[in-house]
Every structure is written in C-alpha cells, then in structure tokens.
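What follows is a short report on a single structure.
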Amino acid sequence: MDRQKIKELKRNAAIIRKDIIEQVYSASSGHPGGSMSCADILSVLYFNEMRVEPKNPQWEDRDRFVLSKGHCSPALYGALAQKGFFPREDLHTFRKVDSYLEGHPSMKSVPGVDMSTGSLGQGISAAVGMALAGKLDKKDYRVYSILGDGEIQEGQVWEALMCAAHYKLDNLTVFLDHNGLQIDGKITEVLSPEPVKDKFEAFGFKVIAIDGHDYEQIIQAIDEAKKTKGQPVMIIAETVKGKGVSFMENKAGWHGTAPNKEQRDAAIAELDEFLAKLEVE
Amino acid sequence: MEIKKIATREAYGSALQEFGSNPNIVVLDADLSKSTKTDLFKNKYPERFINMGIAEGNMMATAAGIATCNKTVFASTFAMFASGRAFEQVRNSICYPALNVKIGATHAGLTVGEDGASHQTIEDIALMRALPNMTVISPADAVETRAAVKAAIETKGPFYLRLGRLACPVIFDENNYKFELGKGIEIASGNDVTIISTGYMVHLSLEASKLLESEGIKARVINIHTIKPIDRDIIIKAAKETGAILTVEEHSIIGGLGSAVAEVVVENCPVAMKRIGVNDKFGKSGKPDALLEMYGLTKEAIVAGAKELLGFKKEVMVLK
C-alpha cells in the first residue's frame, strides 16, 4: 500500500480532529467523542475513496455519504471543509444562530451534506433509499453511511438493514463506529446490541471486522466491499471514543461535552504534536 | 339518476396508474398495496414499485433518501401509520429537508369501519398540518383526488394526501372541475350560515344544505380540499358575509379543519362558530354508516348544528 498516501490520510484525519475540537470549543457545545472515533474512516472516504466534486455538490453521479450518527457533524463538517465544499474558517460558526452549520447535518444548508440527519436510526434508511435509487437508475455511484453502535439500539436500523439485504443493495457500504460507549456508559451495560457481527450476518449483510483506526484495514475493507456482489456490506470498525486526544479517549463523558479553554489548548497541542511527528516519519 | 360511488383510495391508485408513465415516479408501500390501491401502479410499472414490508418508519425515511436522487416518491400505507407511527420520520427526514415525498395515506377517519379504533386515525390532520413545509390535502371525491395527485406530482415538496376506504359519492364533474392548490371551492351559495367541510363529509354537508333550504335557511357550503396552506380569503369572506361558520370533518375537533378555520376566523373576523367532528374520543368497530351515526357525523347532525349556530349568531348580533 502507498505509504505516502496513508501518511496524507493520517494528516487529513488529524486536521479533521483539530477542527472537531475547535468547532465544539467555539460553540461551547457539540459531540467530540464520537466525532473523533470516526475521523479516520471519514478521512479515507473523502480523501481516498468517494467520487465527489466540491464545486458541484449536487452532481448526480457522485458517491453519497449519510452520517446516520448525525450528532458527529463536527467530523463531517471538518472533512467537507478540508475537501473544499465550504471555507474552513466557517467552522468557527458551528451551532451559532447566524451560521449554516447546524448542530446536526442539514442538507438544505450545508454544501456536501447528502442527507439531513440527527434523529438516530433514520439516516441509514435514507442511505438505503439512495442505494435503491441508484439501482433503479442503473447508476454506478456508491452509498456510504456510518452508524453509531449506540444508534443500533433504534429498531428502525434493523428495518433498514433488512430492506438493504432484501433488495441486494451491493452499492451500499455501512460502517459501524464500534467505540463501545454511549451517553449513559458502556453500550453493553446500557442495552447491549451484541453480538453485532452475528446480528448483521443474520440480517443478510456481508460483515468485515477491522480496526477502525488502521488505514490499511479501512482501505482493504472498502475494496472488498466494492467487489462484493448481491449483498450489502457492514464494516464493523473497532474504534476508540475520543481517539487522538489522550484525556478524551474511552470516556463516555466526552460524548456530548465541550472542552474548556485549557482542555482545548491541551487537545490542540497533542494533535499538533502528532502532526509534527507524522512529518518526520 | 344513480350517483356513482368511488372510494378516494381507489381514485388515488387509478391516478398513480394514469400519471405513472413519468419515469421519475417511484411508489412505495408497506404491505398494503391491495388496500391502498397502489397495486394499480404496481401492475403497470412493477420496476418502479418497491414493497417496503411492514416497516413504516423505514419506508418514510427510505422514501426521503430516494427523493434526494431527484425522484418523486409516493409512500403509501394506512393514514394511522403514515401520520402516527412514522410521524417523526415524516418530520425529520421528509419535511425538514423539504423532500419530494407524497404520502398517500388511505383509510383515514372513522369510515375505516370494522377494524376499529386502532386503525381509525382522527388526529392525522392535526399532526400533519403542524409540520413546516408540509402540504395537507383531503379530497372530497374521486374527481378531486385525481386532481390532487396530479397537483402533488407537479408541485415540489412534501404532501400528505388524506384518503378514505369507503366508497364515496362522486360530486364533481370531471369535465369542468378545476383544482387549485390552496383554494377552497364554494359548492353551494347562501348568506345565512357557512358550512365548511372536507373529505368524506363534503357530500353530507351538501345534502344538509338542501335540507336546510327546505326550511328556508340558505347555507353556503365550502369545500376545503387543501387544509394547509388553507384558503384564508374564502374563509374571511364567508365570515363577513354570513356571520356564522360551521365546520364539519371526519376528524377530531381538536387540531383539524375546525381548528384551522377557527385560527383564521379569530384572527381576522371573529364570528359565531361551531365545530362538528369526533369529540375527543377514540373510534370503535362497526359499519361505517353506523359509526357516523353514533359519532354525530350525519346530514341531520349538520342541520341541527347549523340551526344551533344560527341561534349563537343572533346572540352575537345582539351583543354587538
């Protein structure tokens, strides 16, 4: 695998993570934990995989992405801004009354957002709809979506998965951001959805389990998904909530809490240090 | 002359079949295509019909996803499940992004009949008209239903089409009927009292006006097919000219047509008003006509309501 490309993707992800911290800090609200855990997946999707045109966000033949765990909008906005869909400096307006960067993604106001999400369990259904439309129109675009592992407690997720498998939507690839934590604690203690692999398989998905922070594994899993015919693919990505900022990692408390000035400075310093080390690697 | 009777759900299915040649139209159903009559579309255009199974929440959000790909999506199930079970999917995935999804909600109201309260939604108008970006249409007969489906196809954005199970007299002449979105239609003239009605109750309101006329009371009858956006002008004019407004609907008196009319009347031209509808009760099993009788949704009840209202009108005049 191209080492230089992976280094670039790591850099893209670290910048997304810095932007997550800055957005949530400037808004004094938002969801850093789950945003950080899916940053590597978003980096691969937007900077290595998806066919999108930032200057033409409504391009009919583009690949689609639906952030079903819509509260992780800071990660998506970070990726979209870095990709050139809108100016990066606008990220500082996140969640403010005169901004187009809504707390949860709004397709009507944010260029590059393919579906308005935020109410858990609904985005995956919309992604299924986009994949169905692609089949109807015989288009070759692909549809990607990220589910939270707490989100799959919503019954609608399973309705959507059943539908995707029934209609053999091999143009749909779903990631489960399996960071193990939700607002009230461990998903296995709040209301366990485990064993997720068995359940997704029973619902008709091809399941690929990976380390969601390992670039070679993310890229290979997507390649395998693209080769899979006749069924949709679920990539179970083992991730760390708060990944990239040591004091946020694996702490449910960082699900929906904004850092204070001191915490923001420490987080940015740690991510800058990561970026500096990456350059001399 | 025998009056032709066609259920509005039947007219809906026929209209989908008639206008379905447009390749951008996709129809979804939740295992009820024989009842909602989307099977008429399915039989003609099977490649653009998708059965979503008994999963209405997923159906609505999936319809939204398909609509993002420049398609006009009809999503059908019983009105109870379309507006109730899937309320939040309709709100967040369809109305918030203003997507081009047309909800064909059949089996609305008490005239579902024998299935009983669990399947008789009498609160769907209230729920759907509260949603920003939503257009709510409640056609009175088959001719109006066909026109409403056509308007829904020609107009971008979310629509809720409230349709009935029961065969319903065809009151409009398809050769000269004109449907204008957001415009009420005066179907009987008079200045003593105005009866504003929607859906299945429109033909009963017309019959009631004839009974009233035989007693020397001239009632104006207005058919409101578009409940949202409502025709403010026709309501304000009626309030000013007749000084008394009776609303009639096969829906709860809370939040439906009566409430929508009262909002316009109170803010613009307060006059004597009375609402006929389901009086904050659940439905029950029974023959549709027996239920309408039991819940006071008959032409006789409309006549009695109109007379009671004329009494209020006199009191209001005295006070003025």
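Just so it is clear, none of the values below were taken in a lab; they were calculated from the coordinates. Predicted model, so just to flag it, every value in this text is computed and none were measured. Quick reminder, even Gly has a Cβ in these numbers, built from the backbone with ideal geometry, and neighbours come from all protein chains shown.
Sort A:99-107, A:255-263 by the packing proxy (mean of other Cβ within 10 Å over each peptide's residues), most packed first.
A:99-107, A:255-263
Given N residues in the stretch A:144-281, what is Rg(Cα) / (2.2 N^0.38 Å)?
The value comes to 1.20.
Counting DSSP beta bridges with both partners in chain B, what percentage is antiparallel, nearest 5?
For chain B, the DSSP antiparallel bridge percentage is about 20.
Would you mind working out the magnitude of the charge dipole of the protein assembly as shown relative to its Cα centre, with +1 at each Lys and Arg C-beta and -1 at each Asp and Glu C-beta, to the nearest 20 Debye?
1000
With point charges of +1 on the Cβ of Lys and Arg and -1 on the Cβ of Asp and Glu, referenced to the Cα centre of the stretch B:4-91, which listed residue (B:Ala64, B:Asn43, B:Ala75) lies farthest in the positive direction of the dipole?
Value: B:Asn43.
What is the ratio of the Cα radius of gyration of the stretch A:1-147 to 2.2 N^0.38 Å, where N is its residue count, to two decimals?
1.00
So how far, in whole Å, is the C-alpha centre of the stretch A:1-64 from the one of the stretch B:1-56?
Each part reduced to its Cα centre gives a spacing of 42 Å.
List the aspartates and glutamates whose Cα sits under 19 Å from the Cα of B:Lys237, skipping any in the same chain fewer than 8 residues away.
Leaving aside aspartates and glutamates fewer than 8 places away in the same chain, those within reach of B:Lys237 are B:Glu180, B:Glu186, B:Asp192, B:Glu263, B:Glu267.
Binning every alpha carbon pair distance of the stretch B:173-320 at 10 Å from zero, what are the percents per bin?
Result returned by the calculation: 12, 44, 34, 10, 0.
Going by amide H atoms built from the backbone, whose H comes under 5 Å of the H on B:Ala188, apart from near neighbours?
Residues meeting the criterion, in which the H sits 1.01 Å from N, are B:Val221.
With charges only on Cβ, +1 for K and R and -1 for D and E, what is the dipole size of the stretch B:112-227 about its Cα centre, in debye, rounded to 20?
My answer is approximately 380 debye.
Write down the Kirkwood hydrodynamic radius of the protein assembly as shown, to one decimal in angstroms, obtained as one divided by the mean of 1/r over all alpha carbon pairs.
Final number for the Kirkwood radius of the protein assembly as shown is 26.0 Å.
Is there a simple number for the mean count of other chain Cβ atoms within 10 Å of the Cβ of residues in B:48-60, and what is it?
Partner-chain Cβ atoms within 10 Å, mean over residues of B:48-60: 5.
Which whole-Hz ³J(HN,Hα) couplings does the stretch B:175-189 yield from phi under the Karplus relation 6.51 cos²θ - 1.76 cosθ + 1.60, θ = phi - 60°, glycine and proline marked x?
Those phi angles translate into 6, 10, 6, 10, 9, 10, 3, x, 10, x, 10, 7, 10, 8, 9 Hz.
When all C-alpha to C-alpha distances in the stretch B:107-169 are sorted into bins of 5 Å, what percent of pairs does each bin hold, rounded to whole numbers?
That works out to 4, 17, 24, 22, 20, 10, 3, 0, in percent per bin.
Rounded to the nearest 20 debye, what is the charge dipole size of chain B about its Cα centre when +1 sits on each Lys and Arg Cβ and -1 on each Asp and Glu Cβ?
With Lys and Arg at +1 and Asp and Glu at -1, about 420 debye.
What does the stretch A:62-203 give for Rg and for Dmax, in Å, if only its C-alpha atoms count?
My reading of the Cα-based Rg and Dmax gives 15.8, 46 Å.
Can you list the residues, at least 5 places off or on another chain, whose amide H is less than 5 Å from the amide H of B:Ser285, using H built in the peptide plane?
Those qualifying (amide H under 5 Å, at least 5 residues apart or on another chain) are B:Ala117.
If N is the number of residues in chain A, what value comes out of its Cα radius of gyration divided by 2.2 N^0.38 Å?
For chain A, the normalised Cα radius of gyration comes out at 0.93.
Evaluate peptide B:94-100: per residue, the Cβ atoms of other protein chains within 10 Å of its Cβ; return the mean as an integer.
For peptide B:94-100, the averaged partner shielding equals 4.
Ordered by packing density, taken as the mean number of other Cβ atoms within 10 Å over each peptide's residues, highest first, how do B:304-315, A:119-130 rank?
Listed from highest to lowest mean packing, they are A:119-130, B:304-315.
In this model, which of A:Lys7/A:Lys96; A:Lys10/A:Lys229; A:Lys241/A:Lys261 are farther than 27 Å apart at the alpha-carbon?
Violating the 27 Å Cα-Cα cut-off are A:Lys7/A:Lys96; A:Lys10/A:Lys229.
When the Kirkwood radius is taken over all Cα pairs of the stretch B:1-139, what Stokes-Einstein diffusion coefficient follows at 4 °C and 1.567 mPa s, in µm²/s?
After rounding, the answer is 86 µm²/s.
Which whole-number percent is the relative contact order of chain B (Cα, under 8 Å, 6+ apart)?
17
Based on C-alpha coordinates, I'd like the Rg and Dmax of the stretch B:78-183, in Å.
Expressed in Å, the Cα Rg and Dmax of the stretch B:78-183 come to 13.9, 40.
Using θ = phi - 60° and the Karplus relation 6.51 cos²θ - 1.76 cosθ + 1.60, list the HN-Hα couplings for the stretch A:170-180 in order, rounded to whole Hz, with x at every Gly or Pro.
Result, rounded to whole Hz: 6, 8, 10, 10, 10, 9, 9, 7, 8, 8, x.
Report, in whole Å, the centroid distance computed from the Cα atoms of the stretch B:178-257 and the stretch A:240-281.
Here the answer is 64 Å between Cα centres.
Considering amide H positions built from the backbone, and no H for Pro or chain starts, which residues 5 or more places from B:Thr77, or on another chain, come under 5 Å of its amide H?
B:Gly104, B:Thr106
What is the packing order of peptides B:199-208, A:234-243, B:242-251, A:56-65, taking the mean over residues of other C-beta atoms within 10 Å and listing the highest first?
B:242-251, B:199-208, A:234-243, A:56-65
Can you tell me which lysines have their Cα less than 16 Å from the Cα of B:Lys42? Leave out same-chain residues fewer than eight positions away.
Here the lysines satisfying the reach criterion relative to B:Lys42 are B:Lys34.
Can you list the equivalent-ellipsoid semi-axes of the stretch A:35-122, largest first and in whole Å, using the square root of 5 times each Cα gyration tensor eigenvalue?
Largest first, the stretch A:35-122 gives 18, 15, 13 Å.
So what is the diffusion coefficient of chain B in µm² per second by Stokes-Einstein at 37 °C and 0.692 mPa s, using a Kirkwood Rh over Cα pairs?
168
Can you pull the mean other chain C-beta count within 10 Å for peptide A:135-146?
The per-residue average across the peptide is 2.
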